[in-house]
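Taking it in order: structure first as structure tokens, then the write-up.
The values are calculated or read from the model by the stated rules, or taken from the named source; none is laboratory data. Since we're looking at a predicted model, the values are computed, not measured. Cβ placement follows ideal geometry from the backbone for every residue including glycine, while neighbour counts extend to all protein chains displayed.
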């Protein structure tokens, strides 16, 4: 039993590290879909975009991908506010977000993917950094730095987001928008402005998540699609609009996927997320920590 | 038979005869793709356009149809190894199945998948259904990649007979079948539009809560829509392995099916059966031309940009634009 117990512990640890990364990937969706009710299925597309930007600058100038992603934050934020403005004027204002808004984001996802495909082809791209390769060892447990560093970065970002949402005025206004937009308007706050800021932040997280993704695995333009099921499964399981719920759900999914990959083979991993999603929708649509 | 059905059949027959005249095999190959998209776009619109629920998994429904054909044909080829000897003669009587039978089976399989998906997710807000279909496409592809019987990730060969007795090349036969499916899809869509069912769908699309409050059985109607829509997509996929000859998961689950079956109705107009037809003829022809003259990646980019442009600028598609123009002229 010893060997399989070690295997199990190893799988759980790997799963927790993976889960931290998943939390970073889902944070943006948790804000846009969970709090603003904007079904931004194009989010994985922006993450891949972040990966490619990190990749280009890393290869050209040798800059660490995570530093690149932090520098790119304002650019992604701006991109997010522009997209929200288009979305608001074209769909939300006219009350057409359900059908046409979804088609819009689907189009954006598709165009991002095809543009990256035309520019870089289908080859897998990867970055170079000192922490890719070595591992820490604690007895039977391996802690590969290429997983540990992204996990820690993700947790840092997540904590910052949670503090922003729960402590600052703007952050609380974002929560208020998700609860009652009209009441917020009575408090003399422009809900559209708050939503624009929040959506900008949600896209900005894609910059960091993208850099983490390209550290963890080589990317090609269609990798984003694998994450669509995952991010929405995590977001729904965690409870819409709850950042702590998202973190717990991300860890849970990471562990279950890792255990499945260890004992049944990695090709079944995408099915796990889908199973989670369907079970949650069928039995507890409000999620673990949902309102 | 209703006059509309007769007209539709007449038009389909005329199309077939006209294309047959120059006797160029390529016309059937290109025409098949366009007509196949008519079926997919019309099927998508029955759920997406009429009830307002977005299905991102058209490719998965299509692939379910295609892979049920692959599974049944493979089974038919290996009866002697798979079935006890005493039962083999019975199976030899049934197999190989004709393509129309395979189409019906593909439709049933995809219809059941559509029903199951709908049952689990349609009680919630529309966005959940859309997300679930997106995820489903990824998962079904994973299943097929892991399923060696239908070729796994390597793909499966389906031998296409050279001739179809009494008609000429086999491609002509496939094209004729697909035309028949297009007629079926359009007649179904138009019949739904004008029935109580269609009014129920429209009520769901406009205000689901109000519809529910007025006694419209919303869940049941939505399930009917997903089942019909899924079944038609499966039927469109069933003959595909014979068309392509060599079926890989990547080609059956290709993103272009999901994108096109959304883009075509959106660009044509989602309110009636005319929209998907117009959108498909336009985009489908454009893509066939672009595929030959430019490249297939650029042509997909074009579709994506057109989709974004149309949903922003012309929310009711080409049909909506034309209607607005006519109304404006009448007002003068």
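Brief remarks on what is shown
- With respect to the conditions (1) within 25 Å of residue B:127 (Cα to Cα); (2) outside any helix (DSSP H, G or I); (3) away from every other protein chain (no Cβ under 14 Å), residue B:61 lacks only one, and its number is (2).
- Answer from A:115, A:70 - the residue that is within 12 Å of chain B (Cβ to nearest Cβ) and more than 30 Å from residue B:205 (Cβ to Cβ): A:115
- Scan of the stretch B:95-120 for residues that are within 14 Å of chain A (Cβ to nearest Cβ) and modelled with pLDDT under 85, ordered by number: B:120
- Number of the condition not met by residue B:162 [criteria: (1) over 21 Å from residue B:47 (Cβ atoms); (2) under 21 Å from the mean Cα position of the chain (by Cα)]: (2)
- Scanning the stretch A:223-241 for residues that are within 11 Å of chain B (Cβ to nearest Cβ) and modelled with pLDDT of 85 or more, we see that the one that is farthest from residue A:115 (Cα to Cα) is A:236.
- The listed residues are B:209, B:174, B:197, and the only one of them that is at pLDDT below 90 and assigned to a helix (DSSP H, G or I) turns out to be B:209.
- Residue list for the stretch B:215-229, filter: free of Cβ contacts under 8 Å to residues at least 24 places away in the same chain and either touching a helix residue (DSSP H, G or I) at 6+ places or on another chain (Cβ under 7 Å) or closer than 29 Å to residue B:64 by Cβ (or both): B:216, B:217, B:218, B:220
- Within the stretch B:121-157, the residues that satisfy the criterion of being modelled with pLDDT of 80 or more, more than 8 Å from chain A (Cβ to nearest Cβ), assigned to a loop (DSSP other than H, G, I, E, B) and surrounded by fewer than 20 Cβ atoms within 10 Å (Cβ to Cβ) are B:147, B:155.
- Condition met for residue B:225 (part of a helix (DSSP H, G or I), under 15 Å from the mean Cα position of the chain (by Cα) and under 22 Å from residue B:119 (Cβ atoms)): yes
- Residue check, residue A:274 over 15 Å from residue A:158 (Cβ atoms) and more than 14 Å from chain B (Cβ to nearest Cβ): no
- Of everything in the stretch B:262-301 that is in a helix (DSSP H, G or I), modelled with pLDDT of 85 or more and within 11 Å of chain A (Cβ to nearest Cβ), the residue that is surrounded by the fewest Cβ atoms within 10 Å (Cβ to Cβ) is B:301.
- Here the stretch B:312-328 is the region considered, the condition is being away from chain A (no Cβ under 14 Å) and closer than 10 Å to residue B:267 by Cα, and the residue that is surrounded by the most Cβ atoms within 10 Å (Cβ to Cβ) is B:319.
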